[in-house]
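Reading through the structure tokens given below for one structure.
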Amino acid sequence: MEMVTKAELDQFRCQLLADIKEVIRAEICSVKQEQPKGYRTKDVRRILGCSVNKLVSLRIGRKIRWKKVGGTVYYNKEDVRKLLEEGY
């Protein structure tokens, strides 16, 4: 039978906490990288000067691509730029 000292247990605890913190940091970084690179609804409305209904109409007409992440809708920046160039 092997005896474990209090110092060894303390060292193990510190190493375990360090490993857990590293896993959490890695997970947070991956979540931040997954967020879409687009405009939110309020930003697109301000840029285009349109109502929510008109924005929905543009989505239905497939003039602007969008993605819903959680409860937030993100719009493709390139599509917003094209709409501005077309004189919307």
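Values in this text are rule-based calculations from the coordinates and carry no lab data. Owing to the predicted nature of the structure, the values given are computational and were not obtained by experimental measurement. Every residue, glycine among them, receives a Cβ derived from its backbone with ideal geometry; neighbour counts consider all protein chains shown.
Label-to-label distance, Val4 versus Arg65, with points set 7 angstrom from Cα along the beta-carbon direction: 5.2 nm.
With helices as the sole contributors, the chain gives -20000 deg cm²/dmol at 222 nm; each DSSP H run of n ≥ 4 counts as -39500 (n - 2.57), and the sum is divided by every residue.
Using the per-residue mean of other Cβ atoms lying within 10 Å as a proxy for protection, in what order, highest first, do the peptides 11-20, 74-83, 53-62 fall?
74-83, 53-62, 11-20
Taking amide H as placed 1.01 Å from N in the peptide plane, Val73 has its amide H under 5 Å from the amide H of Thr41, each at least 5 places away in sequence or on another chain. Directionally averaged projected area (the range 38-85, Cα convex hull): 3.0 nm². Restricting attention to the chain, lysine pairs at least eight places apart or on different chains and with alpha-carbon atoms under 16 angstrom apart total 13. When each full DSSP H helix of the chain is screened for a Cα extent of at least 20 Å along its own axis and an average Kyte-Doolittle hydropathy of at least -0.5, the helices passing are 6-34. Over the chain, the fraction of Cα-Cα pairs per 5 Å bin, rounded to whole percents and listed from the shortest bin up, is 2, 12, 17, 14, 8, 6, 6, 6, 5, 5, 5, 4, 4, 3, 1, 0, 0.
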